[in-house]
Amino acid sequence: MSAPEDWSHLERRLADAERDLAFHKALLAERDAQIASLRHSISWRITGPLRAAGAVLKRCFAAIRAVRALSYQLGGYGPLFKAILTLARREGANGVWGRTLRAVKGAHAEYREWSPHASADDPWGDATGADLGNEPLISVLMPVYNTPMEMLDAAIWSVRRQTYAKWELIAVDDASTSPKVRSVLQFHAAQEPRVKIKFRTENGNISAALNTALEMASGEFMVVLDHDDVLDPKALYGIAREIDRHPEADYIYSDEDKLNADGTVLYGPFYKPDWSPEYLLSLMYTCHLGAYRMSVVREIGGYRTEFDGAQDFDFTLRFLLKTERVRHVPRVLYHWRVWEASTAHSPDAKPLAEERARKALEEYLTARGERFTIGPGPRAGHHEVRFLPRSEPLVSIAIPTANGKVEIDGRTEWHLDAVVESIFEKTTYRKIEVVVVHNGDLREDQLERLGRLGVKLVEYRAAKFSLAEKINLGAASSTSEYLVLMNDDIRVITPDWIERMLGMAQREGVGAVGPKLLFPDGRIQHAGVVILGGCPGHAYYEWPGDAEGYGLGAAVARNYLAVTGACMMTPRRLFEELGGFAARFPLNYNDVDYCLRLHERGLRSVYLPSVSLYHYEGVSKEGGRNVGKGELEAFQSQWAAKVGADPYYNCNLSQTAPYQF
């Protein structure tokens, strides 16, 4: 650049800065005049006591919101109160509430300090896009309506300050009644040619405004920025980078967090799993930031006004009917502002949203040819989809047994007797066969009782014990389309457990289904398998049975790399094609290995919390609970290089203890 051009560039920047300064000075002067007028009014003096009371209430509500945010991160109020009790025991009862609030604030501060967008060692570097082979134009759509001007200004600046340059912002005002909205939009459009504005003459609500923006958009991909939210400075670079690395991708989503009303505190990061189709059916977890390929957007016809309030969910579900080439950027790129008018503050901010979201879900599932019912989820605004069996095939329950026993409340209970009794007494699905694989040590009374119930008995003989071979023998001795592999230390809780698991197992792309398993005292034993550092482990192990988990992960159906063989349903066809459980893992990890082989084929394992069973973990396993010498090494040599990071467990979460903070 020559010297004159350099001076010209600096002069333009100075002029922009001066206009910006003049704009904000005008805002300040207007606000000062309003404040002065208000403070000299009679009503101001009369309402002084009410304002004081309001300030107290505001602090109370702020504390409630902070505690609610921390409870969400810790997996519910139970773990939060447990943490408070631990703090009280360690620090003493005096001042524990103040200490707890300081801990909440400290957690927020720690998150802000650690957060990738604040890190000096950011691997993305300056994130201008110079390192990319493909630099797509990204259209940022922003519907606007009577936005507080400071929030609107911050939202627009968050786009203008993007490190990635190939963007256009299309802000559509939906006939706001506030003249300040127009002045803010016109100010930015005058300064930045990439900011395009449109003023609708009639209010049509959010979908109409978004469709107006789509008519003006020319990008290869589009993202939506709500008028009161903020993009991370590297947000659009993160999307462009993923497109460059995965040009086949049609839909890309990122992690997100929350921003307080005045824009000073970031908190509540939501670190999401990679693409989890079953998880999306319970909650719109992919929402922010979402980037959509524009050609598919044009194909589905944009947004539908009858779904306002749930328009993002409806739009995404219809988009996914056309393509499931989905990618995830595991980094916070979107800051969702929490204030009294936002759904981030409360799902009740838009009362019709849940009803319309459910209608969108019904249309999506119907279009896919599913049989289902939809009920309320664990929280407002969430759903529980129950898939109904497409048919009623015979289901075989294969139970390997060591014929062990356990002492319960001063009495002896034989595991095999108890599990068979619970199956036949509590199971509502009648087309079942039970296959018991034993060691030839069953008592006469057991043989008589099992024979009377029609249980098929298969004796296992081997010079060296292998649970994998024993399970395979049970499967081979059964005759059904679907297998349930079950330890003998299981007890049925949910009567229609087979119907629920079968409905999910019959979904396209599902290879294995596992329920929630509880210890006899009600704590969680199994809620999916996470692989950290090459080591498989149970998610939410020993958490309270009613814990919602991180991002509701223990309370709604979602995908994991594996579910436990202590109770797993899988199609016989797949089990036989994969050769059953691998003999290489005679005692441990054979179930995880099986699920990973399903994963290699592009098939999903699903955790189903609506089905609960008790599990007396480890008692029925010959060899006990401990992992044998060399078993972990064998597992890691087989899978460490292939699996790498667990796709359903976000790399920003603890890498030593699942979902702990």
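The values are calculated or read from the model by the stated rules, or taken from the named source; none is laboratory data. The shown structure was predicted, so the numbers you read here are calculated from the model rather than taken from an experiment. Glycine gets a Cβ as well: all are built from the backbone with ideal geometry, and neighbour counts include every protein chain shown. The protein model used for the area step is the full one, side chains on, heavy atoms only, and it has no ligands, DNA or RNA in it. Shrake-Rupley method; radii C 1.70, N 1.55, O 1.52, S 1.80 Å.
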| task | List the aspartates and glutamates whose Cα lies under 14 Å from the Cα of Lys359, skipping any in the same chain that are fewer than 8 positions away. | result | Glu306, Asp308, Asp312, Asp314, Glu384
| Loop GluC sites (Glu not before Pro), segment 168-260 (other Cβ atoms within 10 Å of the site Cβ: 11 or fewer; DSSP) | Glu202, Glu248
| query | How much accessible surface area, in Å² rounded to 10, belongs to the heavy atoms of Arg584 with a 1.4 Å probe? | reply | 120 Å²
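Determine the order of Glu499, Glu633 by accessible area, beginning with the largest, at a probe radius of 1.4 Å.
On the way: Glu499 30, Glu633 115 Å².
Result, largest first: Glu633, Glu499.
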| field | Leu603 accessible area, 1.4 Å probe, all protein chains in place, Å² to nearest 10 | value | 40 Å²
| Taking segment 430-481 and dividing mean pair separation by its residue count, relative contact order in percent (alpha carbons under 8 Å, at least six apart) | 46 percent
| remark: So for R0 = 45 Å, FRET eff. of Arg523-Arg182 from the Cβ-Cβ r, to 0.05, ends up at 0.20
| request: Measure off, as a whole percent, the carbon and sulfur share of the 1.4 Å-probe accessible area of segment 439-574, all protein chains present. | output: 50 percent
| said: Just to be sure I understand the model, the point goes 7 Å from the Cα along the line to the Cβ. What's the resulting Ala476 to Arg601 distance in nm? | reply: 1.9 nm
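Starting from 0.36 nm per residue, how many nanometres of slack lie between Arg379 and Tyr429 once their C-alpha separation is accounted for?
Values: separation 50, 0.36 × 50 = 18.00 nm, distance 2.93 nm.
So the chain would gain 15.1 nm between Arg379 and Tyr429.
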| said: If I compute solvent accessible area with a 1.4 Å probe over the protein chains, what percent of it on segment 192-331 is carbon and sulfur? | reply: 47 percent
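Would you mind working out the accessible area per residue for segment 496-596, using a 1.4 Å probe, and quoting it in Å²?
Accessible area per residue, segment 496-596: 24 Å².
Using a 1.4 angstrom probe on the protein heavy atoms only, line up Trp497, Trp336 by accessible area, largest first. Don't jump to the answer; show the numbers that get you there.
On the way: Trp497 0, Trp336 50 Å².
Ranked from most to least accessible, the order is Trp336, Trp497.
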| said: If you count only protein heavy atoms with a 1.4 Å probe, what accessible area per residue comes out for segment 310-452, rounded to a whole Å²? | reply: 46 Å²
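Suppose the chain between Ala165 and Gln191 were pulled fully straight at 0.36 nm per residue; how much longer would it get relative to their current alpha carbon spacing? Present the calculation step by step, with values, prior to reporting the outcome.
On the way: separation 26, 0.36 × 26 = 9.36 nm, distance 1.53 nm.
Residue separation times 0.36 nm, minus the Cα-Cα distance, leaves 7.8 nm.
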| said: For a quick check of understanding: with a 1.4 angstrom probe and all protein chains in place, what accessible area in square angstrom does Arg573 have, to the nearest ten? | reply: 140 Å²
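Take Lys258, Lys359, Lys456 and sort them by solvent-accessible surface of the protein heavy atoms, 1.4 Å probe, largest at the top. It would help to have the intermediate numbers written out before the result.
On the way: Lys258 50, Lys359 100, Lys456 75 Å².
Listed by decreasing accessible area, they come as Lys359, Lys456, Lys258.
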